[in-house]
Amino acid sequence: MTSVDLPSTRPARARPTTRVRTSPGLRRRTLGVLLAHASLAACLAAQDDVASRPLNLDFEQPANESSALPGWLDRDVLPPAPGEGYEAERVTQPVHGGRGAALLARRADAGADARFGTLGQSISCDPWLGRRLRLSGWLRTEGVTSGAGLWMRVDGEGTTLAFDNMSTRFVTEDSDWTHCEVVLDVDRSARRISFGVLLLGEGRVFVDDLSFEVVDASVPSTAILSRPPLDDSPAPAAVRDWITRRAVRISSLEPAESERDLASLPVLVGDARLVVLGEPVRATREVLALQRRILERLVDERGFDTLALDSGLAETLYLGLYVTRGRGDPRALAREVLPWHRQSEDVLDLIEWLRERNESHPHNVRLVGIEALGVEAGLRSVTAFLERVDADRAERFEKAFLPLSALEDERGDGPRPSNATLELASSEADDLLDAFDARREAWSEETSNRTTERARQLVVVLRQVVAMAREPARAEELHVAALLDNIEWELDQDPESKVVLLLHDRLLLRGGETPTLGDRLHERFGDEALLVATTVRSGGFRAWPGGGEQIETFELPEPPTSSLEAAVPELGVPAVLLDLRALPPAGPVRAWFDAPHVTRLVDGFFLARSPDLFLERVRPGKACDLLLQIESVSPDRRLPDDG
């Protein structure tokens, strides 16, 4: 399979390795964690005691000598010094009801580092312990560039139990009074509830007529982060005995002189065309080392010919050209185009292995990406293609997409393109796709069929990016749909192709409340898609800390006694492999694996003060086909920043 011709220019400007490049859905979750961390810190910094009940929810109380908004705390979050970024006051117009409302606004003289402000208060949660609580109210926005929303956070002793700040459904731009709500469960161990309104970026938000009410389970929780219920029940002895008997013991994570420990792998893979290898945490050496061993075995013994990364489809084309043709500087390209968790010496070693193998074998192993992350690289390639076949259309298309450069902002808190800008880009993408379908034969004659098909898919990816930006409330759903579409397209290019995909377990694990890519792959490909999840018992990893600017190193806390990780006995080897398709059809072992158990999932960001927020409930027997457990991991070797 030949690669598409690409422009000789670099895909994008060089980016520091410490910046986080993530999918839109994860950017929103990451942003939620940051605001959760900072918003509560701001409130608690000015309030030692909590009120017994919420105060002044309708903002009818006039200002007094001690406060412009009695009962409320207004605080700049970034930077933390009051009065430098955002300000709050009571206004009498506009109001939703009564005679007063609150206004939170970014100051005209705010510095560039003033990213968001918050208005909030903290109260006792005693009246609502064990209940589901809804905070609702009305927001009106003027010139909001990034977003505004209500927020609520439930805290226990030294940890956060649940949080939502509407980061997946912000109110933006100019809006009339809009009803908003946040719904969280108040665990019986909770100590405090903090809540309020936040404004991200520029603009003004008015808030009025807030209220609390208890709701039943028919009203879904809106939590973007929540700690699952925990117990201290270990796995039964029958489960641990079954794992001990059935576990494939992996003697080495690195390439070994003897491959006997993985001798059963080709049989377990069978006729699958797509093998998805998951990871529970980011940026570790050992997970990637074992994935590389598996990849090498599948390439040599099962004819797999493609490695797909969770990196941008458009961006990874440049690294793909190095792997197949030796074109470009792989180290520089890795820094520029790979997501932060793939910017390591370990990944670079894998890329170099692919290149060396291709030089000595007649059949290439390709490197591709499947993500829709930004617009720069895709726009460059599509524009270069159009300049060869339709110069007028190239200029119009570039003009529509250039204003979307803000979507390259990895943190997710940059100015959001206006609805009109997004609608224009979406319309141009749809129009261009129609042109591809109408003129495919002519454009293929001017370039090549492969080049034309690849360029068309890059337009599809640009449309995916725009769709996620247009509907942030559906970003995760649209993200899964985009990944599925891109994987299907890759496999459709060659019916004989076989792909190994590296992916986070959050997207791989099946059977949760929200369909994942793993669910969609199972529906689409059946047994042709093999899902291999991974758990880790202990060790270090890298992540982006809440409120921080730099990637940091963290240590995994001890897994809960009732977790999936703790159920796997320590068998004296670095890792074990379980075929969960071989579970007994009935009995206590099957019942345990089909029941929900917690496992750790850390995808991009981590709050050391609230590790339980990164536990999620899965049903192991339904969530994946094979399960790897690695005993200990260590942080990867970062690529040094080039300047």
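The values are calculated or read from the model by the stated rules, or taken from the named source; none is laboratory data. On a predicted model such as this, the values are computed, not experimentally measured, just so you know. Quick reminder, even Gly has a Cβ in these numbers, built from the backbone with ideal geometry, and neighbours come from all protein chains shown. For the accessible areas, the whole protein counts, side chains as well, though only heavy atoms, and no ligand, DNA or RNA atoms are used. Shrake-Rupley method; radii C 1.70, N 1.55, O 1.52, S 1.80 Å.
P(r) for region 450-575: what percent of alpha-carbon pairs falls in each 5 Å bin, starting at zero?
With 5 Å bins starting at 0, P(r) equals 2, 8, 13, 15, 16, 17, 13, 9, 5, 2, 0.
Report the residues of region 305-335 in range of a label on residue 450: point 7 Å along Cα→C-beta, backbone N strictly under 19 Å from it.
Label zone hits: 305-309, 313-328.
Relative contact order of the chain, please, whole-number percent, based on alpha carbon pairs below 8 angstrom and at least 6 residues apart.
Result for the chain is 19 percent.
Taking the Cα centre of region 430-560 as the origin, how large is its charge dipole in debye, to the nearest 20, when only Lys and Arg (+1) and Asp and Glu (-1) carry charge on their Cβ atoms? Can you show the working numbers first?
On the way: 15 positive and 27 negative charges, 58 e Å.
With only Lys, Arg, Asp and Glu charged at Cβ, the dipole is about 280 debye.
According to the square roots a ≥ b ≥ c of the eigenvalues of the Cα gyration tensor, what is the shape class of the chain, taking rounded for a/c under 1.5, prolate for a/b larger than b/c otherwise, and oblate for the remainder? Before the final figure, lay out each step's value.
Working: a/c = 2.11, a/b = 1.27, b/c = 1.66.
It comes out oblate by the Cα gyration axes.
Net charge within 13 Å of residue 229 by Cβ-Cβ distance, Lys/Arg positive one each and Asp/Glu negative one each, not counting residue 229 itself? Provide the component values of the computation, followed by the final result.
Details: positive: 188, 227, 617; negative: 185, 187, 231, 232, 612, 616.
Taking every Cβ under 13 Å from that of residue 229, the sum is -3.
Please give the length that would be gained between residue 442 and residue 609 if that part of the chain were fully extended, namely 0.36 nm times their separation in residues minus their C-alpha to C-alpha distance (nm, one decimal).
On the way: separation 167, 0.36 × 167 = 60.12 nm, distance 5.95 nm.
Once the chain is fully extended between residue 442 and residue 609, it gains 54.2 nm.
Find how many whole Å separate the alpha carbon centroid of region 453-475 from the alpha carbon centroid of region 170-240.
29 Å
On alpha carbon coordinates alone, what is the Rg over Rh value for region 230-360, Rh being the Kirkwood radius? Can you show the working numbers first?
On the way: Rg = 17.6 Å, Rh = 17.0 Å.
Reported Rg/Rh, Kirkwood definition of Rh: 1.04.
Could you pull the Cα extents of region 171-302 along its three principal axes, largest to smallest, in whole Å?
69, 41, 28
Extension gain residue 93-residue 514, at 0.36 nm per residue separation less the Cα-Cα distance, in nm?
147.4 nm
If N is the number of residues in region 270-324, what value comes out of its Cα radius of gyration divided by 2.2 N^0.38 Å?
Numbers: Rg = 12.5 Å, N = 55, 2.2 N^0.38 = 10.1 Å.
Scaled against compact globular proteins, the figure is 1.24.
Could you give the accessible area per residue of the chain, probe 1.4 Å, as a whole number in Å²? Intermediate values should be presented prior to the final figure.
Details: 24850 Å² over 643 residues.
Normalised by residue count, the accessible surface of the chain is 39 Å².
Between residue 538 and residue 427, how many nm apart are label points set 7 Å from Cα along the C-beta direction?
Simple spin-label model gives 6.1 nm for this pair.
Per q in 0.12, 0.15, 0.16 1/Å, what log10 I(q)/I(0) does a Debye calculation on the alpha-carbon atoms of region 381-499 return?
The Cα Debye sum returns log10 ratios of -0.48, -0.74, -0.83.
List the equivalent ellipsoid semi-axes of region 455-498 in whole Å, largest first, each obtained as the square root of 5λ for an eigenvalue λ of the Cα gyration tensor. Walk me through the intermediate numbers first.
Details: eigenvalues 109, 28, 3 Å².
Here the semi-axes work out to 23, 12, 4 Å.
In whole Hz, with x marking every Gly and Pro, tabulate ³J(HN,Hα) for region 272-278 from phi via Karplus 6.51 cos²θ - 1.76 cosθ + 1.60, θ = phi - 60°.
Going residue by residue, I get 4, 8, 10, 10, 9, 9, x Hz, with x marking Gly and Pro.
Could you check the simple spin-label distance between residue 129 and residue 215, using points 7 Å along Cα→Cβ, in nm with one decimal?
2.4 nm
Give, rounded to the nearest 20 debye, the magnitude of the charge dipole that region 305-411 has about its Cα centre when Lys and Arg contribute +1 at Cβ and Asp and Glu contribute -1 at Cβ. Provide the component values of the computation, followed by the final result.
On the way: 14 positive and 21 negative charges, 57 e Å.
Here region 305-411 has a charge dipole of around 280 debye.
Residue-wise, which Karplus ³J(HN,Hα) couplings in Hz belong to region 616-626, taking 6.51 cos²θ - 1.76 cosθ + 1.60, θ = phi - 60°, and x for glycine or proline?
So the Karplus estimates, Gly and Pro as x, are 9, 8, 9, 9, x, x, 10, 7, 7, 8, 10 Hz.
On alpha-carbon atoms, Rg over Rh for region 555-643 using Kirkwood Rh? Intermediate values should be presented prior to the final figure.
Details: Rg = 15.8 Å, Rh = 15.2 Å.
Rg/Rh: 1.04.
Tell me which residues come under 5 Å, amide H to amide H, from residue 178 once H is placed; ignore anything under 5 positions away on its chain.
Distant-sequence amide H within range of residue 178: 139, 140.
How far apart, in nm, are two points set 7 Å out from the Cα along the Cα-to-Cβ line at residue 393 and at residue 332?
Inter-label distance under the simple model: 3.3 nm.
In whole percent, how big is the carbon plus sulfur part of the accessible area of the chain, probe 1.4 Å, protein atoms only? All intermediate terms of the calculation are to be shown ahead of the outcome.
Details: 11510 of 24850 Å².
With neighbouring chains kept in place, the figure for the chain is 46 percent.
Tell me the mean residue ellipticity at 222 nm calculated for the chain from its helices only (DSSP H runs of n ≥ 4, each -39500 (n - 2.57), averaged over every residue, nearest 500). Let's see the in-between values first.
Values: 17 runs with 213 residues, N = 643.
Calculated from helices alone, the mean residue ellipticity at 222 nm is -10500 deg cm²/dmol.
Using alpha carbon centroids, what distance separates region 600-643 and region 515-556, in Å?
6 Å
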